Amino acid sequence: MFSTSASLVSGLIATGACWLLFTEPTALDTRPARPLLLGFGLGALAIALSVVPPVLVGAQTLSLNHEWSAARAALEFLALAPAGVGEELLLRGLALQALRRGVGDVPAIAASSALFGVLHLTN
C-alpha cells in the first residue's frame, strides 16, 4: 500500500511542478464522465487483447487462487488504484505535454514509454 501511495504522491508532485513551473494548461474537463468512460473502456480492451489470445490458444491459463468476492475486488481496487493514477499523472500527464512541446511528439512518447518500461521491469 505504501508504494501505491508513493506513486500517487510523486505523480501529483510532478503534475503540480509542471503546472507551476511551465504554466502548462491542465486540460481538465468540467464534464469528465465521457473521457473517463472511454479511458476505462480502452483500458479494458487493451487488457483483454493482451490476455484473451494466449488463453484461447492454450499458451496461458486463468485461475483464481482465492475465492472471489465484490468486497475483495473493491479492496484490491482501492489498494492498486493510487499507483495507476500516479503512473498516469507522472508518465502521461502535464510532464509529457511539456516534454512534447520541448522535444517533439516522437521523442517525448519514446521517453515516456521507456520510463514506463523501466518502472515495470520487476513486474
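The values are calculated or read from the model by the stated rules, or taken from the named source; none is laboratory data. Please read all numbers here as calculations on a predicted model, not as lab measurements. To get the accessible areas, we keep the full protein, side chains included, count just its heavy atoms, and leave off ligands, DNA and RNA. Shrake-Rupley method; radii C 1.70, N 1.55, O 1.52, S 1.80 Å.
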Over the chain, give the accessible area per residue in Å² for a 1.4 Å probe, as an integer. 76 Å²
Phi-based couplings in Hz for region 107-119 (Karplus 6.51, -1.76, 1.60; Gly and Pro marked x): x, 5, 5, 4, 5, 4, 5, 5, 5, 4, x, 4, 5
Honestly the chain on the Cα gyration tensor test (a ≥ b ≥ c root eigenvalues; a/c under 1.5 rounded, otherwise a/b vs b/c for prolate or oblate) is just prolate
Can you give me the % of accessible surface on the chain that is carbon or sulfur? Probe 1.4 Å, all protein chains present, nothing else counted. 72 percent
